[in-house]
Amino acid sequence: MFLVRKSKHVAKLRLLLVEPSARGLGIGKRVVEECIGFARQCGYRKLALWTQSELKAARSIYQQAGFRLAKKERHSSWGRKDLVAESWELALS
């Protein structure tokens with residue numbers, strides 16, 4: 001996972017990827033928790049992320065970590081026309 005600067009007060013999580021053989025062991029949850037803690041230490045006020053509605057396991061991790069769905073939008077990408085993008089946010093105050 002990447003934690004990148006979006007603006008002075010907002011960081012963005014990118015690319016949560018856990019190898020199939022390691023899924024279900026809590027690694028994704030732990031990585032997200034570490035990124036949240038690091039973003040707080042860096043003084044960011046908010047975390048944002050963009051994902052796809054069909055990525056159920058990742059969405060569950062984000063919800064459990066306190067992220068809130070901010071926006072949904074249908075789109076066509078990667079040769080598919082049935083995708084729903086989601087933007088999620090977490091206040092770090």
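The values are calculated or read from the model by the stated rules, or taken from the named source; none is laboratory data. Quick caveat: nothing in here was measured; it's all calculated off a predicted structure. Cβ atoms come from the backbone with ideal geometry, glycine included; neighbour counts cover every protein chain shown. Protein only, heavy atoms only, side chains kept; ligands, DNA and RNA dropped before computing areas. Shrake-Rupley method; radii C 1.70, N 1.55, O 1.52, S 1.80 Å.
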Select from the range 7-23 the residues that are exposed (fewer than 11 other Cβ atoms within 10 Å of the Cβ) and assigned to a loop (DSSP other than H, G, I, E, B) and list them in ascending order.
Lys8, Leu15, Leu17, Glu19
Does Glu89 count as under 9 Å from the mean Cα position of the chain (by Cα), open to solvent by 70 Å² or more (accessible area, probe 1.4 Å) and over 22 Å from Pro20 (Cβ atoms)?
yes
Just checking, how many residues over the range 24-40 are in a helix (DSSP H, G or I) and either loosely packed, with under 14 Cβ neighbours inside 10 Å or not charged (D, E, K, R) (or both)?
11
Filter the range 41-53 down to the residues that are open to solvent by 90 Å² or more (accessible area, probe 1.4 Å) and either in contact (Cβ under 8 Å) with a residue 60 or more places away in the chain or outside any strand (DSSP E or B) (or both), then identify the one that is farthest from Leu83 (Cα to Cα).
Gln41
Looking only at the range 1-57, which residues are out of contact with any Leu (no Cβ under 8 Å at 6 or more places or on another chain), among the basic types (Lys, Arg) and under 19 Å from Leu92 (Cβ atoms)?
Arg5, Lys6, Lys8, Lys29, Arg30
Flag for Arg59 being in a helix (DSSP H, G or I) and more than 12 Å from Met1 (Cβ to Cβ):
yes
